[in-house]
Structures are given as structure tokens and as C-alpha cells.
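**Q** I am attaching a structure below and will ask some questions about it afterwards.
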Amino acid sequence: MQAIDLKKIKEMQGVERIILESNSFKLVSREFRSKPTIIKLNGNVNIGSNKITIIAGPCAVESKKQLLEISKSLKNAGASILRGGAFKPRTSPYSFQGLEKKGLKLLAKMREETGLPIVTEVMSPEDVDLVANYADILQIGTRNMQNYSLLKNVGKINKPVLLKRGMSATIEEFLLSAEYIVSNGNSKVVLCERGIRTFEKMTRNTLDLSIIPIIKRLSHLPIIVDPSHATGKRELVEPMAKAAVAAGADGIMVEVHSNPEKALVDGNQSLKLEDFSKLMYELVPVARAVGRGV
Ligand code: PEP
Ligand code: MN
């Protein structure tokens, strides 16, 4: 992938300069780069290519036993990237906050065991280097989409960033947050739609699938969908994952647990191991219908 040349941008003249000086997104726009960005990871995994990227794993890393059982099953079922939170942004300060550094170490061990690249959340600017030492992709959670010091710090590292849409963020605000990362030097950004807050109470959030074709028109960055946090309900994950692929998403990220009833975080929205294998199988014809593979 071509690195963004910040010096060249500063030298832009005419219309390009006017676009640069407006307050909207530029470097992440289709005008700036007409070809879609493909983010390459180790082990032949990439995001944004013709092949849909499947990211799966527990909401939180809980123990070595838990992570090993889930990771092996996901690998066998064909997942491409392992997810798992070590630093957990919880609504209540009394809820499980994650295993932190121990969790990062367990994730790195699972990469060794399974070969799957790992994605995990970084919550604060001072932890960026620590998380980058272990993870293949750094996740910025919905609550931090507008944490500008964090965005600037992940903009200075050389690892891909999975940026989740703020739960009340417009698409323009979302792209401007991506712009923070890219304008600080890191062009490897993956956008993630994870549902927005509406008046609807039947679902945890409301999945805004129309963002996919909108982003495809406005930006060259890949976009994936997280139907787990978008719906909050296990039974809605499979239909919404299929809908996301049908709408042109470059991948999906789903929460999976070996024992959802006992999960420390987000058990209600976690697929069982066998549900995930079934989903992988059923996504194939949906992807094929839109000219893609899984
Ligand atoms: C997560 O993916 O673990 C998570 C906390 O998601 P979000 O930031 O979208 O709520
Ligand atoms: Mn979760």
C-alpha cells in the first residue's frame, strides 16, 4: 500500500488545496485515492480484497483455557482473525475490566498456536505502544472514536487500526476520526459499523447497513460490520452478518464463546462454537452472490 506523503499534501495547490483546507475528510476520500485500500496482514490475510475477512472471538479474554478452546474451534471453522478484549471499556466500574497485559500475552500465545492474527482494543493513548507490541491490529472502541489523543497516537504506529463507529457519530464524523489517524501517518485504517443508538429498545443498537454503500462511494477505506454489538442478541447475529455481506461489507466481526451462559462479558450476543461454524458455511453463497469469496 502506498504511504501517504504528508509533504506532498502540504504542497497541494488550487482545488486540491481548497479541499484540503475545508473541514471535511480528505486523505480517506475517494477523490484522494480512487482505488480501494487493501490492508495486508501476516499469513496471507488481508482486509478489503475480494475475499471477505471473518474476525471472531470472545468479547473478553477470560483465561488460557477459554481462549484456547475458542481459538482452536474458530481456526478449524475458517476464521481469518482472532478477536478478544484485554482492556475492556465497561459501562460500570464494578464490571470485569479485562485481564490487561496478561490478556495481551494470552492473545499472542494463541497467535503462536493457531497462526491467526489478533485484534484487540486499546483504550488509552499511553497504552498504544504496549498493545502494539502484542497485537496485529489495534481496535479503537465506539466510546473512543473521538478520543483525539488516542487517534493521534495510533496514527503514529505502523500497525493497522480497526476504528469502530461512535454510537452517536454521523458518517462524516466517523470519516473525520479516520482522517485523524491517516493524517498522523498511518494509512492502514479499517472502519467498523457496530450499530448506532436510536429510540429502539428491542436491539442493543440499530445496525446502519446503509453506511456500507455510502462509505464505498465516499472513501477508499475498507469497512466491516459487527452484528454482535449492533444487535446484542445471538439470534440476530447470523441474519445481520449475511445482510452485511450482501450489502458489500469487506468483512464481519462476531463474538463467539464456548459457554455463552458463563461468559464474563456479552454472553447474550455471543455465538456458540457450532453457530459460528454454521455461519461460516452459510456465508459462502451470500458472498458468491455479490461476486466475493469467504
Ligand atoms: C468490542 O468490540 O469489544 C467492543 C467493546 O465494542 P464497541 O466498542 O463497539 O462497543
Ligand atoms: Mn463485546
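Nothing in this text is a laboratory measurement; each read-out follows from the coordinates by a stated rule. Owing to the predicted nature of the structure, the values given are computational and were not obtained by experimental measurement. For neighbour counting, all protein chains shown are included, and Cβ atoms are generated from backbone atoms with ideal geometry for every residue, glycine included.
**Q** Assuming Thr198 fulfils every condition listed in (1) crowded, with 21+ Cβ neighbours inside 10 Å; (2) among the polar types (S, T, N, Q); (3) touching a strand residue (DSSP E or B) at 6+ places or on another chain (Cβ under 9 Å) apart from one, which condition is it?
**A** Single failed check for Thr198: (1).
**Q** Sticking with this one: Please go through the range 80-119 and give me each residue that is in contact with a strand residue (DSSP E or B) (Cβ under 6 Å, 6 or more places away or on another chain) and farther than 13 Å from Ile70 by Cα, ordered by number.
**A** Listed by number, the residues that qualify are Ser80, Gly85, Ala86, Phe87, Lys88, Gly98, Pro117, Ile118, Val119.
**Q** So, one more: Could you give every pair whose Cβ atoms fall below 7 Å, whose first residue belongs to the range 45-60 and is under 16 Å from Ala241 (Cα atoms), and whose second residue is within 12 Å of ligand 2 (Cβ to nearest atom), counting only separations of at least 6 or pairs across chains?
**A** Correct list of pairs: Ile55/Arg83; Ile55/Met253; Ala56/Arg83; Ala56/Val254; Ala56/Val256; Gly57/Arg83; Gly57/Gly84; Gly57/Val256.
**Q** Could you please let me know if Lys102 is more than 16 Å from ligand 2 (Cβ to nearest atom), not hydrophobic (A, V, I, L, M, F, W, C) and not in a helix (DSSP H, G or I)?
**A** Taking the combined requirement at face value, the residue does not satisfy it.
**Q** Go through Val290, Val245 for me and flag whichever is touching a residue at least 60 places away in the same chain (Cβ under 8 Å), away from ligand 1 (no atom under 13 Å from the Cβ) and of a type in the set (Val, Ile, Thr). Before the answer, list the steps.
**A** Working: Val290 fails: touching a residue at least 60 places away in the same chain (Cβ under 8 Å).
Going through Val290, Val245 in turn, the sole match is Val245.
**Q** So which residues in the range 52-94 are of a type in the set (A, V, I, L, M), assigned to a helix (DSSP H, G or I) and touching a Ser or Thr at 6+ places or on another chain (Cβ under 7 Å)?
**A** We begin by selecting, within the range 52-94, every residue of a type in the set (A, V, I, L, M); these are 52, 54-56, 60-61, 67-68, 70, 74, 77, 79, 81-82, 86.
Okay, now just the ones that are also assigned to a helix (DSSP H, G or I), so 67-68, 70, 74, 77.
Residues satisfying the conditions are Ile70, Ala77.
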